[in-house]
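Here is the structure we will look at.
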Amino acid sequence: MKSKNFDINKIINDFDNLDPEFINPQGTPLEEIHKTLAARGSQIILECGVRKGFSTSIFTYHSEKNNGHCFSVDIEDCSDVVISEHWSFIKSDDRDVKKILNKFTLLEEKGIDILFIDSLHTAKHLKQVLYAWYPYLNKNSIIFIDDIDSFPYHKNQPKNSLMNNINWDEMNKFTIDFSRSNKNDVTLVQIYKKSGLAKLFKKSAKGSIPNRIQSKDRSYILIQFIKLIRSIKNVIKN
């Protein structure tokens, strides 16, 4: 394969040279994806969001190595970021399941083993993409959701951005709520490094429909009232 913007061999070499005996996780969320793919063999991958093709290069590297295939979707034309017989691209909204399946029939025929979501960073879009593609996920498939940790965008942090702070927090909350509402079918692992990564393990066979989110937040006014009562009690005690 050939990656337009990245030295994929150096990236993989750097990942593989991380100390496996080191007690704390090293590397980035993409290193976690690399380790996951290295242990799974041939996979059908659907990547939602391409940009310069960093994750695309890693997915395609493993697809070539294990005779799998990576299908990538983006609203921008990213058709030149990778050259490989094991990679296919379509310029499309990643929620347009019908259009994508019409071009990539293998996704429906064989199902999806890895779903990577890194497109529009809002909880609403994430929800629409996840629910749209969930029925096409195979048994024991994995869902990766990128960018679920807002800390790099907090006030006084290098990437300080109020809008991203809000969006990332809402995406993280949706991911947790989704996993809890589907606790009999998915197991959630979260990595808080860089901008974060959620990793969901799906148990059920292709065709299963996820539950809608059941959890409901308590009233904001009620929470503030309880906090006020608690503060008053603490003042009285002191």
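Out of residues 5 or more away from SER72 or on other chains, whose amide H comes under 5 Å of its own, with H placed 1.01 Å from N in the peptide plane?
Result for SER72 returns GLU47, SER88, PHE89, ILE90.
For the stretch 20-142, what is the convex hull volume of the alpha-carbon atoms per residue, in Å³?
On the way: hull volume 14.4 nm³, N = 123.
Given the Cα convex hull of the stretch 20-142, per-residue volume reads 117 Å³.
Pull up all non-local amide H partners of LEU137: gap of 5 or more, or a different chain, and H-to-H distance under 5 Å with H placed in the peptide plane.
So LEU137 has HN proximity to ILE112, GLY207.
Tell me, what HN-Hα J-couplings in whole Hz come from the Karplus equation 6.51 cos²θ - 1.76 cosθ + 1.60 at θ = phi - 60° for each residue of the stretch 6-11, using x for Gly and Pro?
After applying 6.51 cos²θ - 1.76 cosθ + 1.60, I find 9, 8, 5, 5, 5, 4 Hz.
Please go through the residue pairs LYS2/LYS91; LYS103/LYS194; LYS99/LYS127 and name each one whose alpha carbons sit more than 29 Å apart in this structure. Don't skip to the answer; put the middle values down first.
Values: LYS2/LYS91 20 Å; LYS103/LYS194 34 Å; LYS99/LYS127 19 Å.
Table pairs above 29 Å Cα-Cα are LYS103/LYS194.
Restricting to bridges with both residues inside the chain, how much of the DSSP beta-bridge set is antiparallel, in percent to the nearest 5? Walk me through the intermediate numbers first.
Details: 13 of 32 bridges.
Once the DSSP bridges in the chain are tallied, antiparallel ones form about 40 percent.
Can you give the net charge of the other residues whose Cβ lies under 13 Å from the Cβ of GLU108, counting K and R as +1 and D and E as -1?
+4
How many angstrom lie between the C-alpha centres of the stretch 32-50 and the stretch 88-133?
15 Å
Of the candidates LYS35, LYS173, LYS98, which one comes out as most mobile in a Gaussian network treatment of the chain with C-alpha springs shorter than 10 Å?
LYS98
Can you list the HN-Hα couplings for the stretch 142-155, worked out from phi with the Karplus curve (6.51, -1.76, 1.60; θ = phi - 60°), rounded to whole Hz and with x for Gly and Pro?
After applying 6.51 cos²θ - 1.76 cosθ + 1.60, I find 10, 10, 9, 10, 7, 6, 10, 10, 7, 3, x, 9, 5, 4 Hz.
Need the list of aspartates and glutamates near LYS159 for cross-linking: C-alpha distance under 19 angstrom, and skip anything on the same chain fewer than eight residues off.
Filter leaves ASP118, ASP146, ASP147, ASP149, ASP169, GLU170.
Only the coordinates and a few stated rules stand behind these numbers; no lab work does. Just so it is clear, the structure is predicted and the values come from calculations on it, not from any experiment. Methodologically, a virtual Cβ is constructed for each residue, glycine included, from the backbone with ideal geometry; neighbour enumeration extends over all protein chains shown.
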